[in-house]
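Engineer: Here's a structure for you.
The values are calculated or read from the model by the stated rules, or taken from the named source; none is laboratory data. Everything numeric here is computed off the predicted structure, so don't read it as measured data. Please note: Cβ atoms are built from the backbone with ideal geometry, for glycine as well, and neighbour counts cover all protein chains shown.
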Amino acid sequence: MGSAYQIRDQGGLYYLTLQIVGWVDVFTRKENKDLIIENLKYCQENKGLAIYAYVIMSNHIHIIVRSNTENLSNTIGGFKKHVSKLLKAQLLENNKESRRDWMKVVFEYHAKYNKRVGDFQLWTHSNHAILLDTEAKFESKENYIHLNPVRAGIVRNAEDYLYSSAGFYYDREILLRIEEK
């Protein structure tokens, strides 16, 4: 991984992309997206994670975040590790998941080439971290996040996508508390 997309300022404001290995569509089921929301809430309440914008797509998550404890790498790493364990059980041990055998092969394949993850790898290691050190960068990434479901053809209007912070700007209920810039 190149050094250009690493979290260097542990208290800085960052745009992150958390991607599933092989672009596997893990977040097509409501319960999997809800698990992400629940664990991001936990990080907000217990780990000092401040969330400014978010969207959960089928195989990745975009978020704009800052750590109030100036430990963003550890917070995100802990989040990904914990969610990986929960999703492993939910995806591979759940009879509802018709693709579980195929998913198991993909996740084991990616783990085979990475000694740090054991026999299962859900997330890529890169968070594609971009420091948002200007208002223009923040606005650009916030717009990108909110328009992601529109570009994907999931919704016509950004504010209609439940698993995004876009609704906040239209006085709609959203699933996570966001910080105002």
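Engineer: Checking the condition under 15 Å from the mean Cα position of the chain (by Cα), under 17 Å from I20 (Cα atoms), surrounded by 17 or more Cβ atoms within 10 Å (Cβ to Cβ) and small (G, A, S), which residue from A129, A111 passes? Don't jump to the end; show me each part of the working.
Structural biologist: Numbers: A111 fails: under 15 Å from the mean Cα position of the chain (by Cα).
Selected residue: A129, the only one of A129, A111 that is under 15 Å from the mean Cα position of the chain (by Cα), under 17 Å from I20 (Cα atoms), surrounded by 17 or more Cβ atoms within 10 Å (Cβ to Cβ) and small (G, A, S).
Engineer: Right, something else. Select from the range 60-98 the residues that are of a type in the set (A, V, I, L, M) and over 21 Å from E180 (Cβ atoms) and write down the one among them that is surrounded by the fewest Cβ atoms within 10 Å (Cβ to Cβ).
Structural biologist: Looking at residues that are of a type in the set (A, V, I, L, M) and over 21 Å from E180 (Cβ atoms), I get A89.
Engineer: While we're on this one: Kindly list the number of the only condition in (1) modelled with pLDDT under 95; (2) part of a loop (DSSP other than H, G, I, E, B) that fails for Y109.
Structural biologist: Of everything listed in (1) modelled with pLDDT under 95; (2) part of a loop (DSSP other than H, G, I, E, B), Y109 misses just condition (2).
Engineer: Evaluate the range 157-171: report whether one residue or more is at pLDDT below 95, surrounded by fewer than 18 Cβ atoms within 10 Å (Cβ to Cβ) and part of a loop (DSSP other than H, G, I, E, B).
Structural biologist: Within the range 157-171, one or more residues are at pLDDT below 95, surrounded by fewer than 18 Cβ atoms within 10 Å (Cβ to Cβ) and part of a loop (DSSP other than H, G, I, E, B).
Engineer: Checking the structure you have, find out if any residue of the range 35-47 is out of contact with any His (no Cβ under 6 Å at 6 or more places or on another chain), farther than 26 Å from L176 by Cα, part of a helix (DSSP H, G or I) and basic (K, R). So that I can check it myself, show each step before the final result.
Structural biologist: Taking the range 35-47 and keeping what is out of contact with any His (no Cβ under 6 Å at 6 or more places or on another chain), we get 35-47.
Now drop any that are not farther than 26 Å from L176 by Cα, which leaves none.
For the range 35-47, residues out of contact with any His (no Cβ under 6 Å at 6 or more places or on another chain), farther than 26 Å from L176 by Cα, part of a helix (DSSP H, G or I) and basic (K, R): absent.
Engineer: Taking the range 94-131 on its own, how many of its residues are under 26 Å from K30 (Cα atoms), aliphatic (A, V, I, L, M) and in contact with a strand residue (DSSP E or B) (Cβ under 8 Å, 6 or more places away or on another chain)?
Structural biologist: Of the residues in the range 94-131, 1 are under 26 Å from K30 (Cα atoms), aliphatic (A, V, I, L, M) and in contact with a strand residue (DSSP E or B) (Cβ under 8 Å, 6 or more places away or on another chain).
Engineer: Take the range 1-34 and flag every residue that is basic (K, R) and either assigned to a helix (DSSP H, G or I) or buried (at least 19 other Cβ atoms within 10 Å of the Cβ) (or both). Outline the logic, then answer.
Structural biologist: To start, the set of residues in the range 1-34 that are basic (K, R) comprises 8, 29-30, 33.
Residues satisfying the conditions are K30, K33.
Engineer: Same structure, new question: Could you tell me whether the range 75-82 includes any residue that is more than 26 Å from R151 (Cα to Cα), without any contact (Cβ under 8 Å) to a residue 60 or more places away in the chain, assigned to a helix (DSSP H, G or I) and among the polar types (S, T, N, Q)?
Structural biologist: yes
Engineer: Within the range 155-171, track down each residue that is free of Cβ contacts under 8 Å to residues at least 12 places away in the same chain and either of a type in the set (G, A, S) or under 14 Å from I56 (Cβ atoms) (or both).
Structural biologist: Within the range 155-171, V155, G167 meet the criteria.
Engineer: With respect to E142, is the statement that it is among the charged types (D, E, K, R), touching a strand residue (DSSP E or B) at 6+ places or on another chain (Cβ under 6 Å), surrounded by 15 or more Cβ atoms within 10 Å (Cβ to Cβ) and touching a residue at least 12 places away in the same chain (Cβ under 8 Å) true?
Structural biologist: It is true that E142 is among the charged types (D, E, K, R), touching a strand residue (DSSP E or B) at 6+ places or on another chain (Cβ under 6 Å), surrounded by 15 or more Cβ atoms within 10 Å (Cβ to Cβ) and touching a residue at least 12 places away in the same chain (Cβ under 8 Å).
Engineer: Working only within the range 112-142, note down all residues that are at pLDDT 95 or above and of a type in the set (K, R).
Structural biologist: The answer is K137, K141.
Engineer: Let me ask another. Taking the condition of being surrounded by 19 or more Cβ atoms within 10 Å (Cβ to Cβ) and more than 11 Å from V55 (Cβ to Cβ), how many residues in the range 145-156 meet it? So that I can check it myself, show each step before the final result.
Structural biologist: So the first thing to find is which residues in the range 145-156 are surrounded by 19 or more Cβ atoms within 10 Å (Cβ to Cβ), and the list is 145-146, 148-149.
Subsequent filtering for residues that are more than 11 Å from V55 (Cβ to Cβ) retains none.
Adding up the residues that qualify gives 0.
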